[in-house]
Each structure stands twice: as structure tokens, then as C-alpha cells.
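A short write-up of the structure that comes next.
Just so you know, all these numbers are worked out from the coordinates, no wet-lab data involved. Since this is a predicted model, take the numbers as computed values, not measurements. Neighbour counts are summed over all protein chains in view; Cβ atoms, including those assigned to glycine, are modelled from backbone coordinates with ideal geometry.
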Amino acid sequence: MSKTTKTDLRLLLECLKYQMKWPGSQKQALLTIISICRQNGQYVEFFREIGGISFIYNLSKSSTFSQVKETALFTLASLAELHGVYSCKQSLCREETFRDLAQHLEKKMPLTEKRVAVYMLSVLVANNSNIHHKTYIQFQFMFFLMPLFRHSFPDPNTSYEQLQLWATVSSALCGSVNNPQNEENQNACMHVFPLVKIWLQEVALPRAELAQPICSFIGMTVANNCDLYSFSHLIVLSQSAHSAPACKVATVITKTLSACISNNGKTHLVSSLSKLMVIPGLLCLLSSPNLDPQDQLAVVLTIGHLTDACGEFVGNRW
């Protein structure tokens, strides 16, 4: 590590300390720190050793300027997310940090600041099996994110910032159930499936950008999970011909259904699915003009899985 880089990081930290009344200067210093540290993980470690991580963390709590608080949180998350830099993430994975972030989500604040707090939460828990006070942290993580997920779903009049907040929350929940995979959190997320079904049926996805977060949330929640009864009630295919986004969601649900039948035993869902008339819905999806030709094979294979499983189910009963 060059002396020049060390000097630059020290000067930037001093700038943060002595420019407390100048939010613009502090914000620029924070962004410059991110730019430098992204070049090499050693730079992050050095910055942590000279007290930079601790100071930025305290700045995110004490600053009276929203843009500084937001940028400070973004800086911490960006440095913790860098590949191979474990000491930074672990130094932040304290009960105090998660309690502070939870308070951020409780307070009234700009949506962009709340979104960055969610982003930092997701970075800290992602692929991190060594979190101290793990049970407490998981509880806080799910306790504050699930209400946000439920109540911030965008409608046609929602602002772009609100849309981005909901998408970030959805992404954070996906990480909490799948990075690493966590069956307890998966089951917690399944509790909102009835609400997700309402979104799919009634909201009809007025914005195309809502499709992917919903698809990811569904797919990650049911992946390799034996409790698939709740998922079976999510199958909503009758609206698939109405719009391209709705068709996309129906296609992803279809693919997920096929994988679940293959990975969890074909007869496991047959009883529930037969009551839901899924095969007629799949045939409707197959004939939809909105269905991508590349996805037609996946729908056909799913129909094959279901008909085959129905045959096995009837045979087992006799």
C-alpha cells in the first residue's frame, strides 16, 4: 500500500472531522473514500485501523444533515460489501448497529435515507454466518423489514423513491432467506403470500419494474423448502394474458412450481394443486400472446410434471 494512498485516506478522514458544518464537503469526502477503497481491500483495512469506519458510523448517527447521514450509511455498506474485506463487515455486525438501523427504519425520514439503511442491513447479513447475537439480529431484521414490505408496495401514483424503497426491501428479504439459505426466515416470508396473491390478482402489476422483485421474492422464499402448502395457494395464472408483466410473473411462478415438484417429491403438492385447477391456468398461459417463445417449453414441462404427478398420486391412492 503506497504512502500516497495512506496520506489521502488520512486527509479525507480529517476533512470529515473538521467540515461538520459543510455537508457538501463531507459528502464529497465520503464518496472519494469509497472510490479509493474499492481499488483494494487493504485500503479498507487501513482506513478501519485509523478509526475511519468508527467515525463514519458515529457520523451517520450524529449528523444533522440528511444528505450526510445517507451518504455515511451508503459508505459503510459499500465498504462492508467489498469482496474479501471481512474485518469491516464484522466490526459493524454488533447488536448496537442493528438497533440503530432499526431505529432509522422506525423514524420519519427521507425515503432515500430509509432505503440506504435497508441496503446496509442487507449487506451486513448477506453471506454472514458469524454474526454475533444472531437470533436477536435476525429478529430485528425480519421484524422491521416485513412491515415495510407489506405497507410500501407501490401503486400507480407512487413516487419513484417509494418504488425504489420497496424494491430494496424486497431484495433485502431475498438475501435474508437465501444468502445463506435460512428456512426459518423463508417460513416467516411465507406469511405474506396471501398479500402477494392479492397484489398479483388486483394490482395487476401497473409497472413492469415490479415484476422482477416479486418473482425473486417468491422464488427465494420457496427454494428447497419443504413447506410448500402456502406456495401452492400463490398460483395465479388466470391474469397472465392481460399484460406482459403479469405474464412474466406467471411464467416465473410456473418455473418455480416445476422445480418444487422435481426437488421436493412429485406427490407432495398434487392434492392442493388439483383443487386449484392449475393445469387449465397453465394452458391459458401457454396460449397467451404475451408469453415469450423461449418460455413455452418451461410451461409445457410443468404441465408434464403435473400430469405425471397426478398419475402417480392416483396410483398411490389405489
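Structural remarks
- Listed peptides 249-258, 8-17 by packing density, highest first (mean Cβ within 10 Å): 249-258, 8-17
- Full-stretch length increase - Asp100, Leu195 - with 0.36 nm per residue and alpha-carbon distance subtracted: 31.3 nm
- Here Leu297 and Gln90 are evaluated by their C-beta separation; at R0 = 51 Å the FRET efficiency comes out at 0.70.
- Between Leu11 and Thr307, the modelled labels are 7.3 nm apart [label points 7 Å from Cα along Cα→Cβ].
- As a ratio to 2.2 N^0.38 Å, the alpha-carbon radius of gyration for the range 49-116 is 1.08.
- Extension gain (nm, one decimal) between Gln67 and Lys108, 0.36 nm per residue minus Cα-Cα: 13.3 nm
- For the range 35-47, Karplus couplings with θ = phi - 60° (6.51, -1.76, 1.60), whole Hz, Gly/Pro x: 4, 5, 5, 5, 6, 6, x, 4, 5, 5, 4, 5, 5
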